[in-house]
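The values are calculated or read from the model by the stated rules, or taken from the named source; none is laboratory data. It should be emphasised that the depicted structure is a prediction, and the values quoted were computed from it without experimental measurement. Methodologically, a virtual Cβ is constructed for each residue, glycine included, from the backbone with ideal geometry; neighbour enumeration extends over all protein chains shown.
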Amino acid sequence: MDINKLKQEVIEYSKEIGIDKIGFASADVFSELKERLKRQQTLGYQSGFEKGSVDERTEPTRLLPEAQSIISIALAYPSRMKDAPKSTKEERRGIFARASWGIDYHVVMREKLDKLADFLKEKVPDVSNRVMVDTGELSDRAVAERAGIGFSGKNTAIITPEFGSFVYLGELITNIPFLPDSPVEDSCGDCTKCLDACPTGALVQGGQLNAQRCIAFLTQTKDFLPDEFRTKIGNRVYGCDTCQVVCPKNKKVDFHHHPEFEPDHEIAKPKLKPMLRISNREFKNTFGSIAGSWRGKKPLQRNALIALGHYKDITAVEEVIEVMQTDPRPVIRGTAAWSLGKIGTERAYNAIHEAMKKEKDEQVIYEMEKGLAFEKEASRS
């Protein structure tokens, strides 16, 4: 078997099926990453969403014992929404991060990688492959960096020369010993724009992220959002793009290669008030096809309530009161009370006082007290 010829055939086929960039890496242990992950664990910087042990995340042969190399691919996604709808005083909108625009990228990426795997199977019948997209044990970014897709920026994203950091990543572990490509030179230089712009200081230093403070992570949690972050998430319903948007490498970067990733305006920038009363079926029908739906509707509804408070949306008061009074979930009732206090109308405060007389959950009562604290602040000013 001519490995070099096969590699070129794989590259050509990847173009035919719409892969924007492809690279090849060895299946050696990711030793540097292993040490970094251990430090992250020690510091408590991990999100908890990571799959597998540190060894599984850094040793490809634990996932495919006969692994010889890894094929890394990248698909570019849009950074700008054409004719994006605007928030109005009557209809405030939230925003999903760009990585959740369009069809769930896991589905699209896996389809491309499966086609690559099938292509290799045709060429090498006894080939062994394993496909991974984000939810697998391997670090997509570490593989992409080794494969020459791009370099790991100070914002911890892979930055490609062609598409900036607005790319989805996935990989195919294989027992074919492809010749590895050369890594891309790091060109962040002295720039610290991403570190300076991070709303919560989650980027503790270049290339190191405290996921527990990252808005992209926080918007996906299901419990009460800690107070210090509520004023930071603004109208973000899911995810955060700040560290990518400010990156000079992303200036004027906007690719629309894949129709699947084009945003539906009413999903990517949803009206906030309707999100409060959406049923499970409506949620699945509306948001089920996007990546941002994977945690269910609860975190998104909580974030929508915080966003309405952020906007001080007087038009939402009655609907938020109804949520506070009737929703069976303490996190949603409590966040609604906080939001009402943030909006700050007399009607909102009176409703909190009344609901507080009937509320049994201590956490919800605590949130109601927070809501009423805004009333005291307003009376002093």
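Quick check on Ile233: is it closer than 20 Å to Ala316 by Cβ, in contact (Cβ under 8 Å) with a residue 12 or more places away in the chain, buried (at least 17 other Cβ atoms within 10 Å of the Cβ) and more than 19 Å from the chain's Cα centre (by Cα)?
When the stated conditions are applied, Ile233 does not pass them.
Does Lys82 satisfy the condition of being under 27 Å from Leu305 (Cβ atoms) and surrounded by fewer than 20 Cβ atoms within 10 Å (Cβ to Cβ)? Let's see the steps before the verdict.
Values: under 27 Å from Leu305 (Cβ atoms): no; surrounded by fewer than 20 Cβ atoms within 10 Å (Cβ to Cβ): yes.
Criteria not met by Lys82.
Quick check, is Ser79 in contact with a strand residue (DSSP E or B) (Cβ under 9 Å, 6 or more places away or on another chain), among the hydroxyl-bearing types (Ser, Thr, Tyr) and more than 30 Å from Asn210 (Cα to Cα)?
No.
Identify the single condition in (1) over 16 Å from Leu113 (Cα atoms); (2) within 22 Å of the chain's Cα centre (by Cα) that Ile19 does not satisfy, given that it satisfies every other one.
With respect to (1) over 16 Å from Leu113 (Cα atoms); (2) within 22 Å of the chain's Cα centre (by Cα), Ile19 is out only on (1).
Name, by its number, the condition in (1) in a loop (DSSP other than H, G, I, E, B); (2) touching an Asp or Glu at 6+ places or on another chain (Cβ under 9 Å); (3) under 20 Å from Leu37 (Cβ atoms) that does not hold for Ile103.
Result: Ile103 passes all but (3).
Name the residue that is nearest to Val133 (Cα to Cα), counting only residues in the range 291-315 that are small (Gly, Ala, Ser) and assigned to a helix (DSSP H, G or I).
My answer is Ala291.
Which one of Ile365, Ile321, Ile290 is modelled with pLDDT of 95 or more, among the β-branched types (Val, Ile, Thr), touching a helix residue (DSSP H, G or I) at 6+ places or on another chain (Cβ under 6 Å) and farther than 21 Å from Arg236 by Cβ?
Result of the check over Ile365, Ile321, Ile290: Ile321.
Return the residues of the range 232-275 that are over 21 Å from Ile290 (Cβ atoms) and in contact with a Pro (Cβ under 9 Å, 6 or more places away or on another chain); say none if nothing qualifies.
Matches in the range 232-275: Lys232, Lys249.
Conditions (1) under 19 Å from the mean Cα position of the chain (by Cα); (2) of a type in the set (A, V, I, L, M, F, W, C); (3) surrounded by 16 or more Cβ atoms within 10 Å (Cβ to Cβ), marked per residue:
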| site | (1), (2), (3) |
| --- | --- |
| Leu272 | no, yes, yes |
| Ser279 | no, no, no |
| Thr286 | yes, no, yes |
| Asn303 | yes, no, yes |
| Ile306 | yes, yes, yes |
| Gln325 | no, no, no |
| Leu340 | no, yes, yes |
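Would you pick out the residues in the range 130-174 that are in contact with a Leu (Cβ under 6 Å, 6 or more places away or on another chain), among the aliphatic types (A, V, I, L, M) and closer than 21 Å to Phe261 by Cβ?
Val131, Met132, Ala144, Leu172 - these are the residues of the range 130-174 that are in contact with a Leu (Cβ under 6 Å, 6 or more places away or on another chain), among the aliphatic types (A, V, I, L, M) and closer than 21 Å to Phe261 by Cβ.
Does the range 185-200 contain any residue that is touching a residue at least 40 places away in the same chain (Cβ under 8 Å) and closer than 26 Å to Glu111 by Cα?
Checked the range 185-200: no residue is touching a residue at least 40 places away in the same chain (Cβ under 8 Å) and closer than 26 Å to Glu111 by Cα.
Need at least 3 residues that are surrounded by 12 or more Cβ atoms within 10 Å (Cβ to Cβ) and hydroxyl-bearing (Ser, Thr, Tyr) per element, so show me which helices (runs of 4 or more DSSP H) inside the range 1-74 make the cut, counting only ones lying wholly within it.
Values: elements: 3-16, 31-43, 54-58, 60-63.
The helices (runs of 4 or more DSSP H) meeting that bar number zero.
Of all residues in the range 85-97, which are of a type in the set (D, E, K, R), surrounded by fewer than 21 Cβ atoms within 10 Å (Cβ to Cβ) and in contact (Cβ under 8 Å) with a residue 24 or more places away in the chain? Lay out the reasoning, then the answer.
Narrowing the range 85-97 to residues of a type in the set (D, E, K, R): 86, 89-93.
With the extra rule that they be surrounded by fewer than 21 Cβ atoms within 10 Å (Cβ to Cβ), the set shrinks to 86, 89-92.
Passing the criteria: Lys89, Glu90, Glu91, Arg92.
Of everything in the range 196-224 that's closer than 21 Å to Ile290 by Cβ and out of contact with any Phe, Trp or Tyr (no Cβ under 9 Å at 6 or more places or on another chain), which residue is surrounded by the most Cβ atoms within 10 Å (Cβ to Cβ)? Let's see the steps before the verdict.
Filtering the range 196-224 down to residues closer than 21 Å to Ile290 by Cβ leaves 214-222.
From what is left, the residues that are out of contact with any Phe, Trp or Tyr (no Cβ under 9 Å at 6 or more places or on another chain) are 214, 221-222.
Numbers: Cys214: 24, Thr221: 20, Lys222: 12.
Of everything passing the filter in the range 196-224, Cys214 is surrounded by the most Cβ atoms within 10 Å (Cβ to Cβ).
Can you name the residue in the range 124-153 that is among the charged types (D, E, K, R) and in a loop (DSSP other than H, G, I, E, B) and is also surrounded by the fewest Cβ atoms within 10 Å (Cβ to Cβ) among such residues?
This residue is Asp126.
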